[in-house]
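Contents: one structure, followed by commentary.
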Amino acid sequence: GPGSYPISSFLERLQRLFTHLPLAKWPALDHQQWAVLQQSYHGLLQISADLMGVKQRISFDQFEQIWHSAAAAYNLPQPRSFLQKIMVGSLPQAVGMGYHTLFMVGITETSFPKPAKRDWLSRQFVPSQDLALYRQLLRSAENVQLSFAEEDQADRMNIASQIFPGEFTRINAAAAAPPMEELTIGSGVLTDPAVLADISGKYREQPLSVSRLNLYASCPFRFLCSELYQLEAEEMLSDEITPQEEGSLIHDTLRLYWEHQGRVPINEILVERYSAAGERLTQRVIDLVTAFNRKDVELVEKSGYYPKYLEQRFQDLVIETSGGKIKLNGIIDRIDLSPDGGYVIYDYKTGTSPSVREILQGENLQLQVYLLAAGSLLPGKVHGMAFYNIGTLARTGLWLESTHRSLGLTKRSSGIIPDQEWEQLTADFYRTLQTYLERILSGYFPIAPVNDRVCSFCPYRAICRKE
């Protein structure tokens, strides 16, 4: 009847209507139309759930107006561009998406459908919903391809899931692809002109960060998954601080210490940073940072090189390629300046630092890019560049022979470069960057990690299956 009621009362009636009109009864001519209906139905349920928390009493006319406004503001997923065409995710994420082709991998007898489970309280068997999910997936794509590995990582034989048809196509991997020197997907090269045009256009319009270029140097396929396909690894929720978050807070603390010119004790800054981030400060981190700071201050006082530029940004480092000019951007952790205008570039590391060999061979490009960027920002002469390890206090990098002693280094230190070779080294670094950028623009993305360490923490191991 007329009057005002809690908004939940209207929603409960609407939900009863949904119960009598389940999605299975909605008419659809093809998989794409059904996908739109699926997403629309999900949108209605989402709007209903969002409004359920509203405590206000309203009339039916007001509810009708609110509902129409919320429905009009809800956006269905839009058609995907090239960079979004491939998605890797769980099976429920694919329901109702209207894909051209859906690849279901790992469909073994023990993994899909999962057997019924016994409820811990009632001791009743709860049936698996996997088969119902599979029926929905069949309506979510024009083509569905099922696959499974015949052997697992321990060389045990797998058995195909019961949802496979009685006769299914078996692909002989050895016959399908001849042996290659590098393990690749296809040839490891993208050749579609439209795809290459998209890649070229992307980097002509926006800068490429040092970290992303370094990702390509470590493994081109990882760059493809992360930067171009934009595949996101599933994050594991944890109450513990991650190494990345810890490193960021330590970097921030060291920056503030030198910004305050050493007038504020490092411990006070560390406590304030962790408190502001809502993280627990451990004695391990306190000992780590204070020990590093003490030795670092001694180095600054003895050498006369003072931290002048902290987290120095650069955005317009131009590298010429056959596909046009590509701009690189990034942040240099620290540049120490000497009285004569010479400078040293430092990049803090809380984990393992790259070796001198990796720097020279272009397996890690950070310092190479920073050297070129600093040369365009500062008028003086570079005296060295290094990864500055906060845990070991080691400075791993390259040093000008004529000034290395003033920086506390000896002749035995690795990475000492004769002055007359430094200009050629800089030119070599520029060509290295050109080479990597040319490969990106040409669509060259083989599975070619520079070492096994790269694979140990790569989120895309399940895709490339290099092991």
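The values are calculated or read from the model by the stated rules, or taken from the named source; none is laboratory data. Just so it is clear, the structure is predicted and the values come from calculations on it, not from any experiment. Note that each Cβ is placed from the backbone with ideal geometry, even for glycine, and that neighbours are counted across all protein chains shown.
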Checklist entry - When you go through (1) out of contact with any helix residue (DSSP H, G or I) (no Cβ under 9 Å at 6 or more places or on another chain); (2) in contact (Cβ under 8 Å) with a residue 24 or more places away in the chain one by one for ARG405, which number turns out not to apply? => result (2)
Item to check | Residue check, TYR309 assigned by TED's automatic domain parsing to the domain that holds TYR430, more than 30 Å from ARG453 (Cβ to Cβ) and touching a strand residue (DSSP E or B) at 6+ places or on another chain (Cβ under 8 Å) | outcome: yes
Item to check | Residues that are touching a Gly at 6+ places or on another chain (Cβ under 7 Å) and among the charged types (D, E, K, R), drawn from the range 280-330 | outcome: LYS302
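Consider the range 378-408. How many of its residues are assigned to a loop (DSSP other than H, G, I, E, B) and surrounded by fewer than 19 Cβ atoms within 10 Å (Cβ to Cβ)? Step through it out loud before you land on a result.
Kept after step one, since they are assigned to a loop (DSSP other than H, G, I, E, B), are these residues of the range 378-408: 378-381, 390-394, 401-404, 408.
Of the ones still in play, those that are also surrounded by fewer than 19 Cβ atoms within 10 Å (Cβ to Cβ) are 378-381, 391-394, 401-402, 408.
Of the residues in the range 378-408, 11 are assigned to a loop (DSSP other than H, G, I, E, B) and surrounded by fewer than 19 Cβ atoms within 10 Å (Cβ to Cβ).
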Checklist entry - Name the pairs whose Cβ atoms lie under 8 Å apart, with the first residue in the range 267-284 and assigned by TED's automatic domain parsing to the domain that holds GLY247, the second surrounded by 14 or more Cβ atoms within 10 Å (Cβ to Cβ) and of a type in the set (Phe, Trp, Tyr), and 6 or more positions between them or separate chains? => result ILE269/TYR257; ARG280/TYR274; LEU281/TYR274
Item to check | The listed residue being among the basic types (Lys, Arg) and either at pLDDT below 70 or assigned to a loop (DSSP other than H, G, I, E, B) (or both), out of ARG170, ARG212, ARG204, ARG135 | outcome: ARG170
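Quickly run through the range 303-347 and pick out the residues that are in a strand (DSSP E or B) and aromatic (Phe, Trp, Tyr). Walk me through how you get there before you give the answer.
Step one: of the range 303-347, the residues in a strand (DSSP E or B) are 306-321, 324-337, 343-347.
The answer is TYR306, TYR309, PHE314, TYR343, TYR346.
What do you reckon, is LEU367 in contact with a Pro (Cβ under 9 Å, 6 or more places away or on another chain), under 12 Å from VAL210 (Cβ atoms), assigned to a helix (DSSP H, G or I) and in the same structural domain as VAL264 (by TED's automatic domain parsing)?
Values: in contact with a Pro (Cβ under 9 Å, 6 or more places away or on another chain): yes; under 12 Å from VAL210 (Cβ atoms): yes; assigned to a helix (DSSP H, G or I): yes; in the same structural domain as VAL264 (by TED's automatic domain parsing): yes.
Taking the combined requirement at face value, the residue satisfies it.
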Item to check | Conditions (1) within 25 Å of GLU246 (Cβ to Cβ); (2) surrounded by fewer than 22 Cβ atoms within 10 Å (Cβ to Cβ); (3) acidic (Asp, Glu); number of the one not met by ASP336 | outcome: (2)
Next on the checklist: Being without any contact (Cβ under 8 Å) to a residue 24 or more places away in the chain and not in a helix (DSSP H, G or I) is the filter here; which residues of the range 410-456 pass it?
Outcome noted: THR410, LYS411, ARG412, SER413, ILE416, ILE417, PRO418
Next on the checklist: Against the condition surrounded by fewer than 19 Cβ atoms within 10 Å (Cβ to Cβ), aromatic (Phe, Trp, Tyr) and under 33 Å from the mean Cα position of the chain (by Cα), how does TYR444 come out, does it pass?
Outcome noted: yes
Checklist entry - Any residue in the range 412-424 that is basic (Lys, Arg), under 20 Å from VAL344 (Cβ atoms), loosely packed, with under 14 Cβ neighbours inside 10 Å and assigned by TED's automatic domain parsing to the domain that holds GLN368? => result yes
Checklist entry - Got a sec? Which of THR350, THR435, THR392 is in the same structural domain as TYR309 (by TED's automatic domain parsing) and in contact with a Gly (Cβ under 7 Å, 6 or more places away or on another chain)? => result THR350
